[in-house]
Each structure stands twice: as structure tokens, then as C-alpha cells.
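Here is the structure we will look at, set down as C-alpha cells.
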Amino acid sequence: MSLPDHPEAITPDWLTHNLAERYPGTVVTSVEVMAIHAGTNANARLAIGYEGDTDLPATMFAKLPPLDPDRRAQINQTGMGRREALFYQQLAHRVPMHTLTPYVAAFDPDTGAFVLLLEDLDNSAKSLPDYQSGIPVAYAAEAMDHFAELHASYEDPDRRAAEADWVPLATMGSDYGARLLRYGLDNHRDRLTDAFAEIAELYIDHTAELHQAWAAGPIGGPATVLQGDGHIGNLFVTETGGPGFLDWGLINVGAPMRDVSYFLNMSMAPEDRLAHDQALIQRYLDARTAHGAQPIAFDQAWLAHRIHAAYTVPASCQVVTFPEDASSGRQAFAAAFLARSEAALAHLNPRPALRATFGL
């Protein structure tokens, strides 16, 4: 059956058909859209009715490409939906991280369109972290252990080929980030720090070279499968208070310190990260060695941490457009996101490290 392009198009027949492989015999009698929220994608909460008794939930979280046709085409071209659907189909049960329970993970290989129906956090013992205050240090420490196990597991190229051959190498991608950063600099320069503007200009002028620097194995460690997008907006808190990861659309193969650095910079409160990032990185390095991964020296890891701090700038490309129609909640999240990036740049000062290591 063709993929619905709007939450309202998820019908009982479509859902019954797409639940059949994982949950044979399930018959859906009703689907009600309770709410729709626009972010990078179109997200919705669905109320589901069933025929007879079932262990399936009464509500699900739906994730589809954006409803705007132009944005939909842009997101579909990135392959993020395909990657996340394949993650839930093939890899979610193998990774050490906590993930949401998937019910449907479907994609169109020709267009890149996708539909994900996942566990609804609003009706779960799990919860979202506080975007303003950031994750606790204990949460970050447990995440370091999970990153170490993930990275150690897929450092072996033969295992990657056997279990995750669809996970792509980290690449430059499109010029989307550079275009949005240019808009931000041209229209909102007064709302950005000098350090942020400097890295934004560098990224616009040297996009390919920067992506090569971030992917460099000698700096960030041997290539492995990365979660790829561990900022605070993509995290949840498990029943025990530990870390969970919501979004796997940017899963890729790259240098492991990219995961570690981005997570620390973009999920912790800046003051907590400043006080604890060295100890947390050392915890990660010790844990990966314990899992049998190739050792990384602390000095090498710290240099990579500084270099990857620059990645927080293109990661903030949507934020610096400061859209006037954003909700108050989105504006608060965006402000906290940008503040984390600017604090990381101020503390880690990536430009001298990029210049000395890569001539940038």
C-alpha cells in the first residue's frame, strides 16, 4: 500500500496492513489524529482503536516528512527517513542505547518518503529531558558507556558489512546548512557571537574541507557506526533515569569522537559540560578500551572534541534563521540550542585547532 503523505491519511486499513508483519492478526478499527506538530518533520499523536483485545498501545507517535511540498522534497532527498526506518527494522534491537518501541517503519526507496509509528512518550513511563537545564551528569556518564559499546561493536568493518551495510559514510551532503547560515549572517548577525559568525563564514567558504576534517579517522578515532544526532532534542529519559535516543535519521559511519563531542556540547548545560567534559571523555575512552576497541589517547580525543565543536554551527543552521512564526516553545528550545553552541565555541575555541591541524 502506498505511503500516506499526511497523518490524516493513515487509515485503519493502511495501519492494519502495515502492522501485519510484526503483529499478525491485529485489526485496526479507527485512527484519530489528536495533534500535529511541525519540526524538521511532521509529527503527530494518533489514537488507535482495535478489534478485540490487543497488547498494542492506544496511542502512537507518527513521524512523516514535512507537509510543505518543498520542505518534504528537501527532507526526502536527504535519505534521513529511509535510514531511520532501516534502523528500526534492522538495528534497533542490536544497539546498546535505549530506543523507542517501533510499530511501523516503512519507506519508499524511490522517493525517500517514510512513515514511522513509534512509542508515544506522552503515554509512557519515559519522559523528555528539560531543554533549558540540560541532562544530568549521571545521564551523560551512562551515555558515554553506551557510545563506547556501540562504537566498539561496529569498528570491525566485517561486522558493519554483515549487520549495517546500509549505514552510509558521513559525507558533506547538500548545501542546505550553508544556505541557512548565510541567511542568518545576512539578516541576524547582531544575534550571533563573533565566534559563531567566524565558524559560520568558514563553513560557508570551506564546507567540503570541514566535513573532511570532522570525518578524519586519525583525529577522531577509527571509523564506526555513529548515532549521529545526539542533541538534547533527540533524547529521552528512561524509567530508571538513564539515556534514550529518539532520532536515528542521521546514523552514519564516521569518527567516534564526533558522537561524543556533539552529545556533550549539545545536551548538557554549558556549566556542567565545562566542569565535567574531560572526565566524561576519559570515561568514554576507558569504556571503549574495555569493550575491545582500538585505544584513543586523551590528547587526541581532546583535540577531536575541540575540532568537532565547530560542527555545532551548521547543526544550528535552522535556529539562526529565527523564524517569526515559530511557537514560543520552539523559540525557547532554539535559544537554548544556540546558547549551547556558542558556549562550546567560547570554551573549546575550535578555529586554532582547525587551522593547526587542517590549515582551515
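The values are calculated or read from the model by the stated rules, or taken from the named source; none is laboratory data. Small disclaimer: the values here were computed from a predicted structure and weren't measured. Note that each Cβ is placed from the backbone with ideal geometry, even for glycine, and that neighbours are counted across all protein chains shown. Ligands, DNA and RNA are excluded from the accessible area calculation, which covers all protein heavy atoms including side chains. Shrake-Rupley method; radii C 1.70, N 1.55, O 1.52, S 1.80 Å.
State whether the residues of segment 215-225 include one that is part of a strand (DSSP E or B) and in contact (Cβ under 8 Å) with a residue 60 or more places away in the chain. Within segment 215-225 (the criterion being part of a strand (DSSP E or B) and in contact (Cβ under 8 Å) with a residue 60 or more places away in the chain), the answer is yes, since at least one residue qualifies. When restricted to residues that are under 30 Å from Gly177 (Cα atoms) and surrounded by 15 or more Cβ atoms within 10 Å (Cβ to Cβ), segment 1-42 contains 9.
Of the residues Trp214, Trp248, which is open to solvent by less than 10 Å² (accessible area, probe 1.4 Å), over 19 Å from Glu119 (Cα atoms) and among the aromatic types (Phe, Trp, Tyr)?
Going through Trp214, Trp248 in turn, just one is open to solvent by less than 10 Å² (accessible area, probe 1.4 Å), over 19 Å from Glu119 (Cα atoms) and among the aromatic types (Phe, Trp, Tyr): Trp214.
Among the candidates Ala287, Ala326, the residue that is open to solvent by 10 Å² or more (accessible area, probe 1.4 Å), touching a residue at least 24 places away in the same chain (Cβ under 8 Å) and not charged (D, E, K, R) is uniquely Ala287.
Is it the case that Asp259 is under 27 Å from Ala113 (Cα atoms), assigned to a helix (DSSP H, G or I) and at pLDDT 95 or above? It is true that Asp259 is under 27 Å from Ala113 (Cα atoms), assigned to a helix (DSSP H, G or I) and at pLDDT 95 or above. Within the option set Leu91, Leu118, being free of Cβ contacts under 8 Å to residues at least 60 places away in the same chain and either of a type in the set (Phe, Trp, Tyr) or surrounded by 16 or more Cβ atoms within 10 Å (Cβ to Cβ) (or both) holds for one residue only, Leu118. Does Leu86 qualify as being under 19 Å from Asp229 (Cα atoms) and touching a strand residue (DSSP E or B) at 6+ places or on another chain (Cβ under 8 Å)? Yes: the conditions hold for Leu86. Here Ala106 passes the criteria (1) touching a Ser or Thr at 6+ places or on another chain (Cβ under 7 Å); (2) hydrophobic (A, V, I, L, M, F, W, C); (3) open to solvent by less than 20 Å² (accessible area, probe 1.4 Å) except the one numbered (1).
Yes/no matrix, rows are residues, columns are (1) within 22 Å of Ala170 (Cβ to Cβ); (2) modelled with pLDDT of 95 or more; (3) under 23 Å from the mean Cα position of the chain (by Cα):
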{"position": "Val253", "(1), (2), (3)": "yes, yes, yes"}
{"position": "Met266", "(1), (2), (3)": "yes, yes, yes"}
{"position": "Pro270", "(1), (2), (3)": "no, yes, yes"}
{"position": "Arg273", "(1), (2), (3)": "no, yes, yes"}
{"position": "Leu280", "(1), (2), (3)": "no, yes, yes"}
{"position": "Cys317", "(1), (2), (3)": "yes, yes, yes"}
{"position": "Val320", "(1), (2), (3)": "no, yes, yes"}
{"position": "Ser328", "(1), (2), (3)": "no, no, yes"}
{"position": "Leu338", "(1), (2), (3)": "no, yes, yes"}
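Scanning segment 221-243 for residues that are in contact with a His (Cβ under 7 Å, 6 or more places away or on another chain) and either within 18 Å of Val319 (Cβ to Cβ) or crowded, with 22+ Cβ neighbours inside 10 Å (or both) gives Thr224, Pro243.
For Ala315, the test of being over 16 Å from Pro350 (Cα atoms) and buried (at least 16 other Cβ atoms within 10 Å of the Cβ) is failed. Per the listing Tyr131, Tyr154, the residue uniquely open to solvent by 50 Å² or more (accessible area, probe 1.4 Å) and either at positive phi or among the hydroxyl-bearing types (Ser, Thr, Tyr) (or both) is Tyr131.
For the condition open to solvent by less than 30 Å² (accessible area, probe 1.4 Å), part of a helix (DSSP H, G or I), under 30 Å from Val320 (Cα atoms) and among the small types (Gly, Ala, Ser), Ala195 does not qualify. Which members of segment 43-62 meet the condition of being over 24 Å from the mean Cα position of the chain (by Cα) and open to solvent by 50 Å² or more (accessible area, probe 1.4 Å)? Once the filter is applied, which keeps residues that are over 24 Å from the mean Cα position of the chain (by Cα) and open to solvent by 50 Å² or more (accessible area, probe 1.4 Å), segment 43-62 yields Glu51, Gly52, Asp53, Thr54, Asp55, Ala58. Cβ separations smaller than 6 Å between residues 6+ apart or across chains give the following pairs from segment 164-192 residues that are within 23 Å of Arg72 (Cα to Cα) and assigned to a helix (DSSP H, G or I) to residues that are aliphatic (A, V, I, L, M) and open to solvent by less than 80 Å² (accessible area, probe 1.4 Å): Ala178/Ile204; Leu181/Ala200; Leu181/Ile204; Arg182/Ile204; Gly184/Val320.
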